[in-house]
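Colleague: One structure, pasted below without further comment.
Throughout, read-outs are computed from the coordinates displayed, never taken from laboratory work. Fair warning: this is a prediction, and the values are worked out from it, not measured in the lab. With ideal geometry, Cβ positions are generated from the backbone for all residues, glycine too; neighbour counts draw on all protein chains shown.
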Amino acid sequence: MIVHGGRPLKGSVMLSGSKNATLPIMMASVLTDQPLRLRNVPRLRDVNTAIALLQGLGVSAEWTGEHELTLQAAKLTSNDAPYELVKTMRASFCVLGPLLARTGKARVSTPGGCAIGARPVNLHITGIRTLGTRIQIRHGYVEAHADHLEGARIWLDNPSVGATENIMMAAVLARGRTTIENAAREPEVQELARALVSMGARIRGSGTHVIEIEGVERLHGADHEVVSDRIEAGSIMVAAAITGGEVELPNAPTHELDAVIAKLRESGVYVQANGDGVTVARDGKLKPVELRTLPYPGFPTDLQAQMMALLTQSSGTSVITETIFENRFMHALELTRMGADILMKGPTAVVRGPAKLLGAPVMATDLRASMSLIIAALAAENQTEISRVYHLDRGYEALDAKLGALGAQIERVKDEV
């Protein structure tokens, strides 16, 4: 991606559906033999990976519109989720719960390491084992068997989003009541719960730390519209702020962005949020802030990299503490190549500004780091060339086109071999 900086973003743009909500709902299609129709599905690399995984299990997948996807697991032909797919997208591991609940057995690859941290799946395994599952790990695969799942009380050592989702999908077809304590509260968990309820599941408490699930005998098909992507919303809001522009996001999920809006306002950015979306503008200096990533409703780790780019332009010293993933500062090294003044020590980064950012060749290390570098490039002098933007296509739909419509000078070119 080649970006020529110095142009304020102005205008209005519609957000895509949430990637992090879509993927587990797609896995939930395994729970019924009837069609699950999803609307507002983003066209992303991760969605294509999820389709490939589901098709390998025997699920039919058909695009019935530009952003409408129908999935049907009328007859499952396999219980295997192979390493080749799970390693590229950790959300694939969330097929363990649905497969087990529907068929009584599953063989799912462990995801392995990740560029932004270890992200172990032990919480998934412990929780699902508590439901009466026999589990062993052999040759890098989780092999699970259960004659029937029994409801249980499950305590999560930390409020893992993936573990909460996986256990919830297993429990909807278990006998009796399952209680998940210290459950994740993220909007994506709530969105999965809404989709499952529309399929006939009985779930209470999503959005709180205690989720109660009364198992049912079977689920049915449903029609569900995916909520807009809060991380894409936050990313474009930050991009508007760093360029000194004014951008409207008519379909932004404002009720999910409280922590992001609070930090942007604290940094001197004008944010107007209401039921009709959000408008972001800046015409003055940016102020430094202290920021700590936390589970929802705290500031999302998936927007930490983007805020770091913004804070390189603040007048003073900002402090960012990353509490979710241990290796999520790799973008800082690339930002310093562009002129940022960032000092890192353990989970803390000290950002001194305002720094004069200059275009340079930089490399994306993960999905959100890609967006961080694009945001910095929008404010930099001259041209920035960002390589390995295939990460970007995992989580942002047609981002170059959306930013281009707002006035950014941005183009995608093929690598010269």
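Colleague: For Leu99, what charge total do you get from the other residues with a beta carbon under 13 Å from its beta carbon, if Lys and Arg give +1 and Asp and Glu give -1? Intermediate values should be presented prior to the final figure.
Modeller: Values: positive: Arg102, Lys105, Arg107; negative: Asp80, Glu143.
Result for the local shell: +1.
Colleague: Taking the Cβ of Thr64 as the centre, find all other residues whose Cβ is under 14 Å away and add up their charges (Lys, Arg: +1; Asp, Glu: -1).
Modeller: Taking every other residue near Thr64 into account, the sum is -2.
Colleague: Still on this structure: As a test of the formula, what do you get for the chain when each DSSP H run with n ≥ 4 contributes -39,500 (n - 2.57) and the sum is divided by the residue count, at 222 nm and rounded to the nearest 500 deg cm²/dmol?
Modeller: Mean residue ellipticity at 222 nm (helix-derived): -8500 deg cm²/dmol.
Colleague: Along the Cα→Cβ direction, 7 angstrom out, place labels at Thr126 and Arg43. What is the inter-label distance in nm?
Modeller: That separation, rounded to one decimal, is 4.3 nm.
Colleague: While we're on this one: What's the tally of Lys pairs in the chain whose alpha-carbon atoms lie under 19 angstrom apart, where the two lysines are 8 or more places apart or on different chains?
Modeller: 9
Colleague: Sequence-distant or interchain residues sharing an amide H contact under 5 Å with Leu149, placed H: which?
Modeller: Close amide H contacts, sequence-distant or interchain: Arg175.
Colleague: Identify the GluC sites (Glu not before Pro) of region 162-270 meeting these criteria: DSSP loop state and at most 15 other C-beta atoms within 10 Å of the C-beta.
Modeller: Glu217
Colleague: Let me ask another. About its Cα centre, how strong a charge dipole does the chain have in debye, to the nearest 20, once Lys and Arg get +1 and Asp and Glu get -1 at the Cβ?
Modeller: Charge dipole of the chain: 640 debye, to the nearest 20.
Colleague: Next up: Report the semi-axes of the equivalent ellipsoid for the chain in whole Å, largest first, where each axis is √(5λ) for an eigenvalue λ of the Cα gyration tensor.
Modeller: 38, 21, 20
Colleague: Still on this model: From the phi of every residue in region 359-365, what ³J(HN,Hα) in whole Hz does the Karplus formula 6.51 cos²θ - 1.76 cosθ + 1.60 yield, where θ is phi - 60° and glycine or proline is x?
Modeller: x, 7, x, 10, 10, 6, 9
Colleague: Oh, and also: Residues with beta-carbon under 12 Å from that of Asn166, excluding Asn166: net charge, scoring Lys, Arg +1 and Asp, Glu -1?
Modeller: +1
Colleague: So what's the gap between the Cα centers of region 89-107 and region 275-303, to the nearest angstrom?
Modeller: 35 Å
Colleague: Going by how many other Cβ atoms sit within 10 Å of their own, how do Thr126, Thr348 line up, fewest first? Walk me through the numbers on the way to the answer.
Modeller: On the way: Thr126 16, Thr348 13.
Final ranking by Cβ density, sparse to dense: Thr348, Thr126.
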